[in-house]
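A.B. asks: One structure coming up, written as C-alpha cells, with questions to follow.
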There are 2 protein chains.
Amino acid sequence: VLQVQVLYDFEAEPGNNELTVREGETLSVLNQQVGGGWIEAQNSRGQTGLVPVDYLQVCLSTCLSYLSVRSPSLRPPTRRSSSWPPPREGPTSPPPLPPHRLSPSPPPSSRSLPPPPSLLTVSPPPPSLLTVSPPSPPSSRSLPLPPSPFTMGEVGPVWLYPQSPLDCEVTDPKKGSKMYGLKSYIEYQVIPTSTQRPVNHRYKHFDWLYERLLEKFGSAIAIPGLPDKQVTGRFEEQFIRGRMERLQGWMRRMCRHPVVCQSHVFTLFLTYQDQKEWKLGKRRAERDVAVGQMIFSLMDPEAPEMDSVEVDQKYEQYSRFTKAMDDGVKELLGVGQTHWKRCTGPLPKEYQRIGEAFINLSTVFSSSGYQGESTLTDALTSAGTIYQEVAEIVAEQPKRDLHFLLETNREYKGLLGCFPETLAVHKAAIEKVKDGDKMVAAGRISTQEKTTMKQRLSCMSYSLQAEMNHFHSNRIYDYNRVMQLYLEGQVKFYEEVPL
Amino acid sequence: VLQVQVLYDFEAEPGNNELTVREGETLSVLNQQVGGGWIEAQNSRGQTGLVPVDYLQVCLSTCLSYLSVRSPSLRPPTRRSSSWPPPREGPTSPPPLPPHRLSPSPPPSSRSLPPPPSLLTVSPPPPSLLTVSPPSPPSSRSLPLPPSPFTMGEVGPVWLYPQSPLDCEVTDPKKGSKMYGLKSYIEYQVIPTSTQRPVNHRYKHFDWLYERLLEKFGSAIAIPGLPDKQVTGRFEEQFIRGRMERLQGWMRRMCRHPVVCQSHVFTLFLTYQDQKEWKLGKRRAERDVAVGQMIFSLMDPEAPEMDSVEVDQKYEQYSRFTKAMDDGVKELLGVGQTHWKRCTGPLPKEYQRIGEAFINLSTVFSSSGYQGESTLTDALTSAGTIYQEVAEIVAEQPKRDLHFLLETNREYKGLLGCFPETLAVHKAAIEKVKDGDKMVAAGRISTQEKTTMKQRLSCMSYSLQAEMNHFHSNRIYDYNRVMQLYLEGQVKFYEEVPL
C-alpha cells in the first residue's frame, strides 16, 4: 500500500466523504483513481475518506508521479462538487531542514478551484523553474522529511530502485477495427510482471504514454522516442513484428527506470482494469501539472548542496561523454546498417551465384562426353551446394547477431538524444544561479529566493547525476550483454559455415 | 636427336656443303638453326650436309612446326647462295596408303626459289584447304609413312604426348632501356625445364610468339590470347607482377601442348643461344608457310576415315559444350570479379569500421568517469582489434584462393574463345565435302580430288578430336586442382578468423 505524508492541514467538509488530516500525518492510499485531484486514503486510526492530492507528498523514490499539482487555469480538473477541494489560507511554512530544501508544493487556495501552483510561477524566459515568484514560504513545518528519491552510492547520487524490478512483455499483435470496419488498427497485448494480467494497447496509446512521460519527466530523465510512426505498410507482418519488438524494448527500458516505472501514468498504462479506469486515468494524467522542471521542486535530496565548480565539471563531463557516445553509437549504427544491407543483400546473392556457377559448370562438364570426370563434377556440385548453404547462412546471420547489436544501439541513440536538451536546461539553471547575487542586488529576488534557487539547482544536479548513473549502469549491463551475444553469434557463424 | 624422313630426292651441289638424299631415307637433324630454309643433317652412313627443310617430313606428333613449307613468292627466304636450294622436277607421287592420306607437301620447284606449296593452291573462298586445284598427284611413293601425330586413346584420337613434359618459369622482371634511356621496357627471364638456361624476353616477344603460334596452329589448336596489353601504368610493380604471372600461365599452357611445345618457333623462343640465332629464327618463323589450315595436310592419321554423321554429331557436341562452358566460365568470372571487389573493398572496409567503432566506444566508455566498466571496455577493445584483424584476413583472402580460381577461369575463357572459329572452319569443311558429288558432276573437281577432300576432312576431325580430348583432360586436371585449392583456402579462412 502506498504511504503518503500530509503536507498541510485539511478540514473535511461534512457529507462529502472527506477525511480531515493534519500536516505530518501518514496515510495509506486506498484508491488513487478517484480523479479530479482527489484520492481516497486511510489514516492510522482506520478512518477513510477523500483528501486533495496536492496536500500530500509521496516518497519520490517510490513514485514521482503520485504527486499531482493541478493547474486548473490551464486545464480545469473534473470537480466532484463545486465546493471542492477546500481552500487554504496561504502556503505552509518551508521545512527548516535540510538547508538546501526546496519549497514544497502549496495546497490549493480555494475550494472551488485549486490554485495555480504557487511555488513556481512560470514566467518566461526559461528555465522557468528558477524564476521564483512569491508564494510566501509555508508558515510552519513540523512533519518529517519526505524520503529522498536519491541515495548516495559509490558513484555518487543514484535513484532509489524498487525492490522488485518491473518488466513487461509486448506480444500478440491483433488487427482490430472501428467504425464498422472502416478503420483498422493493430492492438498489442502488454503483460506486466507485476500483475501478469494482459492489457491491450494500440500504437497511439504508447505514443500517448510517451508524450506524458516526456512532458512529466523529460527535464530529468531520458525518455527515448518511440519507434517511428509509419503510415504505409503498417499492416504488413514484418512491420508489425519489428514495431512490436521495438515497443517491447521501449517498454522494458521504461520499466527499468525506477522513477518512471512507479509513476502513476505508467502504472495506469500497465494495469488499468477497464476502459472506464483507463479513460479517467488518461484524463487525469493529461491534467497533471507536476511536469517538466516542476518535478525538481518535488525532490528533496538529503545530501549537502553541491559545489558549483564540481557541478560545472560534472555537466561538462556528461556533455562530452554523451556527445562522444552519441557519435560512437551513430558511427556503429552507420557501418552496422551498411554491413546489414551487404550481408543480407549482395553478399549472399554472390554466394548464391557462385554456388550456381559451380553447379552449372558441373552440369556442363557432365555433358562433355569425356570419361572419368565424375569426381570433378561431384566436387563441383557439392561445392555449389555448399555455397548456396553459405548464402543462406550469411543472409540469416545478421538477424541472429547484428540485429540485436543494432537494436541496442538504436535504443541508445534514442536515449542519448535526450541529453543535450536536459543538459542545456541544467546549464541555463547554473547561469541563472550565478546571476543570483546581481538579481538580489537589483531587488528582483530576495536572498531567501536566491537560496531556494541554489537549493533547487543542487537538487537538479543530484537528479542529473542519479540519471547519469542510471544511464551508465544500464549502459554497462546492456553493452556487456550485446557484445557477448554478438561475438557468440559471430563465432557460431564461422563454425557453422559448412566448409 | 630429331629423325626426319626425306620426301623427295635432292642432289647436293658440289662445294656447298650439301647432302644428297633419296626419297624415303631417314636422316638425323644436327642443326635446325642454319636458317634460310636449310638444316644440317646426317644420313645413316654418317655423311653430313645441308638439306632443304622442305624436302623433309618430321613426325607431327613430335613437332608439327619442324616442317616448313616455304612460300618465296610471299616472303623470299634468305638464301645461302643464289643456286640454292636445288630445283625439283615436279611433285613426288602421293603415298599409296592409307586410303585417306593427304597430299604431301611438294618440294621446291626451282633451285633459286622454292615453288609455292603445290599441293594446295589456295583459291578463295575459304576454307581454302578444300578447294583443291591441280597439282598432278606425286608420281611415285615408296617411303614409309610418317608417324601419325595422333594415337587412339580410350576417348578417341589423342595427341601423342612427349615423354618428358616441358614446363617453364617466367620470372625476374627487369627494367631495361634503349635509345640512351629514352625508351624503357620490362624484360622477363624465361627458364625452360629442358635447358634450365634462362632467356630474356619482352612482352612484345611473347606477343610475337603468340602471333606465330596462332597463325600456324590456330585452325587446329586452341591458342589463347596473351594477357591484355596495357599502355599506362605498365611499369608499376603490381601490374608487372600480374602480367608476369599471366605470361607464366600462358607459357605453361603452351608448354603442356604436345604439338606446340615441340614446334620450331616455340623451341626457338625458349632455347635460343644468342641474339643472332634469335633474329635468324624469328625471320625463319615469320616466313613459315606451313600455317593455318595447311597443317592439316601435313597430318597423317592412320585411323580409318570418319563417318560423316558421327563427325557432325561430334562437332555439334563440341560446339554445344564449348559454348556452354564458355557461358559457365563467364558467369563464374562475372560473379567472382564482383565478389573479389566486394571482398577486397567494401567488406573489409566495413569490418575495419566496425572494429574502429568498437574501439572508439571503448575509448568513450573509458571516459565515462563511472566505475567498474573495465571488463566491458577491455571486451570492446579486443572485439575491435579482432574485427580489424578480420578486415585484413578478409581483404587478403581473395588473393589466396579466389585469385587462382579466377585466373584459371580467365585462362579457360581465353581457350574457349578459340573454339568457335575453329569449329566454324571445320563445319565449313564439312559442308564443302557434302557438296563434293555436285562439284564432281559439275566437273569442278575430279573424283580423286573429292576423295582427297574427304580424307583431309577426316584428318581435320581427328585433329579436332585430339585437341578436344587434350582440352578435356587438361580441363579436368585444372578444375580438380583449382577447386581443391579454392575450397582449402576457404576452409582455412573460416578457421583463421580469430573469433
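Quick note: the coordinates plus some simple rules give every number you see, no bench work behind them. Every value quoted in this text rests on a predicted model; they were computed, and no experiment measured them. All Cβ positions, glycine included, derive from the backbone under ideal geometry; neighbour counts span all protein chains shown.
A.B. asks: If you take every residue apart from A:Phe493 with its C-beta less than 11 Å away from the C-beta of A:Phe493, what net charge results, scoring Lys and Arg +1 and Asp and Glu -1? Can you show the working numbers first?
C.D. replies: Details: positive: A:Arg400, A:Lys492; negative: A:Glu396, A:Asp401, A:Glu488, A:Glu495, A:Glu496.
Within the 11 Å Cβ shell, the charges total -3.
A.B. asks: Along the charge dipole of the range B:168-297, Cβ charges K/R +1 and D/E -1, which of B:Met244, B:Tyr272, B:Leu213 sits furthest on the positive end?
C.D. replies: So the residue furthest toward the plus end is B:Tyr272.
A.B. asks: Over the range A:308-496, what number does the Rg to Rh ratio reach, with both radii from the alpha-carbon atoms and Rh per Kirkwood?
C.D. replies: 1.38
A.B. asks: Sticking with this one: Treating cross-link reach as a plain straight distance, find the lysines whose alpha-carbon is under 27 Å from the alpha-carbon of A:Lys204, omitting any fewer than eight places away in the same chain.
C.D. replies: Those lysines meeting the cut-off are A:Lys174, A:Lys175, A:Lys178, A:Lys183, A:Lys216, A:Lys229, A:Lys276, A:Lys279, A:Lys282, A:Lys413.
A.B. asks: Count, for each residue of A:370-379, the Cβ atoms from other chains sitting within 10 Å of its Cβ, then give me the mean as a whole number. Don't jump to the answer; show the numbers that get you there.
C.D. replies: Details: counts 10, 7, 5, 6, 0, 2, 9, 2, 0, 5.
Rounded to a whole number, the mean comes out at 5.
A.B. asks: Return A:Thr338, A:Thr267 ranked ascending by Cβ neighbour count within 10 Å, so the fewest neighbours appear first.
C.D. replies: By the 10 Å Cβ count, ascending, the order reads A:Thr338, A:Thr267.
A.B. asks: Here's another thing I want to ask about it. Scan chain A for the residue whose Cβ is closest to the axis carrying it onto chain B, then write down that distance in whole angstrom.
C.D. replies: Measuring from each Cβ to the axis, the minimum is at A:Tyr494, 3.
A.B. asks: Hey, what did the range A:168-298 get for relative contact order, percent, Cα under 8 Å, at least 6 apart? Provide the component values of the computation, followed by the final result.
C.D. replies: Numbers: 141 pairs, mean separation 34.3, N = 131.
Reported as a whole number, the value is 26 percent.
A.B. asks: Semi-axes of the equivalent ellipsoid of the range A:168-298: what are they in whole Å, largest first, if each equals the square root of 5 times a C-alpha gyration tensor eigenvalue?
C.D. replies: 25, 16, 15
A.B. asks: Report the paramagnetic label zone for A:Lys341: residues of the range B:338-362 whose backbone N is under 20 Å from a point 7 Å from Cα along the Cα-to-Cβ axis.
C.D. replies: Counting only backbone N, you get B:338-357.
A.B. asks: Ok, one more. Along each of its three principal axes, how wide is the spread of alpha-carbon positions in the range A:402-499, in whole angstrom units, largest first?
C.D. replies: The Cα atoms of the range A:402-499 stretch 81, 17, 12 Å along their principal axes.
A.B. asks: Report, in debye and to the nearest 20, how large the dipole of the range A:169-275 comes out about its Cα centre when Lys and Arg carry +1 and Asp and Glu carry -1 on their Cβ.
C.D. replies: 80
A.B. asks: What does the net charge come to around A:Glu350 if you take all other residues with beta carbon closer than 11 Å to its beta carbon, with K and R at +1 and D and E at -1?
C.D. replies: Here the charged neighbours net out to +4.
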